[in-house]
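The values are calculated or read from the model by the stated rules, or taken from the named source; none is laboratory data. Since the structure is predicted, the reported quantities are computational estimates derived from the model, not experimental observations. Using ideal geometry, Cβ is built from the backbone for each residue, glycine included, and neighbour counts are taken over all protein chains shown. These area figures cover heavy atoms from the full protein model, side chains too; ligands, DNA and RNA do not enter into them. Shrake-Rupley method; radii C 1.70, N 1.55, O 1.52, S 1.80 Å.
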Amino acid sequence: MNTEYEELKPLSLDDDNGLKPLSLGENDEYQTNSVPLSQTLTTEIKNKNSNFVFFFGNPQSGKSVILASLLYYLSSQVGVLRPKIGSPNSQEAQTLLYDFYENIRQGILPERTTVGKVLELDLVFEPNNKSKKITPIDLTFLEASGEDLRAINRGGNFQSHIAKYLSSNVPLTFIIVTSYDTAHQDDTLINEFLDELERKGKNLRPVNVILVISKWDKSGKMDVENEQVLDNFINDNLRRTSQRINAYELSKTFYTIGNVESDGRNQRITLLNLDTAGILSNWLYSSITGYDLSYEGTFWERLKWSLVNG
């Protein structure tokens, strides 16, 4: 999927402070890394009839901030986002979403994801676009700590709490995150992850893989003048990844959440900007459904709306 970067109006991320994973109680299937893959408790995915969104990136790359702002955008700008009724974590998801929204609204960045667990959010997104083409979709967001994701380095293997998703036959979309200031250090790790996806039989296509350059505000700008600026950055800092993107025509974009200030110990969002959250949200929805969230409807739908609103 091609993105017209002249129209992008970014945001600003600073250090990634990940999200707290859901606590499912004493039988939390993600509590331990030592359960063998053959154990049903570890390998079973309960909500298979969903669209899974897997975040990949090093610690403090911006994954958790992107996830939090993405959820906030979907629920505050373009529709309703709610826990999926009957899912194993619906009550915990409701609590977590509340904390997300309140924290973002108050300018508080999310906390880092706990090592050894996967944050799994089973949600339903209901767009406010009234076209019959723009339908509700199930979304399951997955985020693991960057420390756990590093296990793939130098030919290593993911622990079972991560590997089970990559080994399962479920619809998976991959959001690969690297930050503006550390991208040059992530090239090898990203390629090892893409190699692992291909070994698992995951086809790398523009509609299911996107590279996100987070903290773009550290470039001194909140947007890119044109697509070539982003391409040049990727070519210079992620040379092998750039070849992969060009070969498979994978999607790419940049990200920032607004103005972030630090007092030396804590960081706060002082001016929230959701423009790039909107860009990534629209890419995600259209990659799953084939329609943009801003789809204007069929001719007859537009005619009906004009008569009603005329």
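Packing around the peptides 129-136, 245-252, taken as the average count of other Cβ atoms within 10 Å per residue, puts them in this order, highest first: 245-252, 129-136.
Return the inverse of the average 1/r over all pairs of distinct C-alpha atoms in the range 221-271, which is the Kirkwood hydrodynamic radius, in Å to one decimal. Please report the intermediate quantities before stating the final value.
On the way: mean 1/r = 0.0760 Å⁻¹.
For the range 221-271, the Kirkwood estimate is 13.2 Å.
Computed over the range 63-110, the P(r) tail beyond 15 angstrom holds 45 percent of alpha carbon pairs. Share of carbon and sulfur in the accessible area of the range 84-219 stands at 43%, probe radius 1.4 Å.
If you average the alpha carbon positions of the range 139-163 and of the range 207-238, how far apart do those two centres end up, in angstrom? The distance from the Cα centre of the range 139-163 to that of the range 207-238 comes to 24 Å. Calculated accessible area for the range 87-210 comes out at 42 Å² per residue, all protein chains present (probe 1.4 Å; ligands, DNA, RNA ignored). Given in Å, the Rg to one decimal and the Dmax to the nearest whole number for the Cα atoms of the range 170-305 are 17.4, 57.
Classify the range 71-185 as rounded, prolate or oblate, taking a ≥ b ≥ c as the square roots of the eigenvalues of its Cα gyration tensor: rounded when a/c is under 1.5, otherwise prolate if a/b is larger than b/c and oblate if not. It comes out prolate by the Cα gyration axes.
For the set K221/K252; K84/K215; K218/K252, the pairs lying more than 26 angstrom apart at their alpha carbons are K84/K215.
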